1. Mind checking which residues of segment 146-159 are of a type in the set (A, V, I, L, M) and closer than 16 Å to Glu188 by Cβ?
2. Taking the options Ser8, Ser4, name whichever one is among the hydroxyl-bearing types (Ser, Thr, Tyr), at pLDDT below 95, surrounded by 14 or more Cβ atoms within 10 Å (Cβ to Cβ) and farther than 30 Å from Leu149 by Cα.
3. Regarding segment 147-160, can at least one residue be identified that is closer than 26 Å to Met54 by Cβ, at pLDDT 95 or above, touching a Phe, Trp or Tyr at 6+ places or on another chain (Cβ under 6 Å) and not aromatic (Phe, Trp, Tyr)?
4. Suppose we keep only residues that are free of Cβ contacts under 8 Å to residues at least 24 places away in the same chain and part of a strand (DSSP E or B) within segment 227-247. Which one would you say is nearest to Ser45 (Cα to Cα)?
5. Being touching a residue at least 60 places away in the same chain (Cβ under 8 Å), assigned to a loop (DSSP other than H, G, I, E, B) and surrounded by fewer than 19 Cβ atoms within 10 Å (Cβ to Cβ) narrows it down to one residue among Arg250, Arg197; which is it?
6. Might you check whether a residue that is over 17 Å from Arg156 (Cα atoms) and within 16 Å of the chain's Cα centre (by Cα) occurs anywhere in segment 190-198?
7. Would you tally the residues in segment 146-162 being in contact with a strand residue (DSSP E or B) (Cβ under 8 Å, 6 or more places away or on another chain) and closer than 18 Å to Glu126 by Cβ?
8. If we keep just the residues of segment 153-194 that are free of Cβ contacts under 8 Å to residues at least 40 places away in the same chain and among the small types (Gly, Ala, Ser), which is surrounded by the fewest Cβ atoms within 10 Å (Cβ to Cβ)?
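The values are calculated or read from the model by the stated rules, or taken from the named source; none is laboratory data. These figures come from a predicted structure and were not determined experimentally. Here the Cβ positions follow ideal geometry from the backbone for every residue, glycine too, while neighbour counts run over all protein chains shown.
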Amino acid sequence: MSESLISSQDLHLYYGKKEALKGITMGFEENHITALIGPSGCGKSTYLRTLNRMNDLIPGVTITGNVQYKGNDIYSPKQDIVELRKEIGMVFQQPNPFPFSIYENVIYGLKLKGEKDKEKLDQVVEESLKAASVWDDVKDKLHTSALSLSGGQQQRVCIARVLAVDPKIILLDEPTSALDPISSGKIENTLFHLKERYTMIIVTHNMSQASRISDKTAFFLDGNLIEFDDTKKIFLEPKKKETEDYISGRFG
């Protein structure tokens, strides 16, 4: 197995006294899509949010163990969280464009970094929207509100906003669950092409989506990592009975 770009070791997370993650150890290879699957409340979204410290925003959360990224523990007191989230971007379940123009949405992170060069910003907007497969839809209305777009277009603009700051890893928390099948298909296609340049970790309830687009799949249950393997093996030859029961629809 090639070396992991990001990994967790014996990661436990508590909401107050409730243990939501029970010692998760796993690693993610570069330029792979890894799907996290499992029933609602099993810990997959919680785990995803530990990888760029989004759980820091929730009161009463305690985390033990560590997450290694580029050889450093991201939970170290020395970690610059703003820098971390530029390198490990996140796309949420509901499209969440800012109430600005499409153009301003895409350059938001660059402006925070102090980038003012109009030519550079124009170039990044075009490249990011093209990479997110939404340029042709929006190129003639870059200065209209992103909120005027369809849900699927909004979600692709949100992906472009993440791409604009040139991340290494993209975390996606059920990015198509609020969308219709055609929009979902476009997002899947986008992610598949982005894999050449980025490492992606996606939480999904959609078994066929996980089997279509991911290289590796991890099955979570009750805060435990039950099984983690190549996607084909998880779907065709799962080693654990719980995995087989979940994939075949016997529970969840």
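1. Listed by number, the list holds a single entry, Ile159.
2. On the way: Ser8 fails: at pLDDT below 95.
Testing whether each residue is among the hydroxyl-bearing types (Ser, Thr, Tyr), at pLDDT below 95, surrounded by 14 or more Cβ atoms within 10 Å (Cβ to Cβ) and farther than 30 Å from Leu149 by Cα leaves just Ser4.
3. Among the residues of segment 147-160, not one is closer than 26 Å to Met54 by Cβ, at pLDDT 95 or above, touching a Phe, Trp or Tyr at 6+ places or on another chain (Cβ under 6 Å) and not aromatic (Phe, Trp, Tyr), which makes the answer no.
4. Here the answer is Glu227.
5. Answer to the check: Arg197.
6. Narrowing segment 190-198 to residues over 17 Å from Arg156 (Cα atoms): 196.
Those still in the list that are within 16 Å of the chain's Cα centre (by Cα) too: 196.
Yes; the residues of segment 190-198 include at least one that is over 17 Å from Arg156 (Cα atoms) and within 16 Å of the chain's Cα centre (by Cα).
7. Qualifying residue count, segment 146-162: 4.
8. Of everything passing the filter in segment 153-194, Gly185 is surrounded by the fewest Cβ atoms within 10 Å (Cβ to Cβ).
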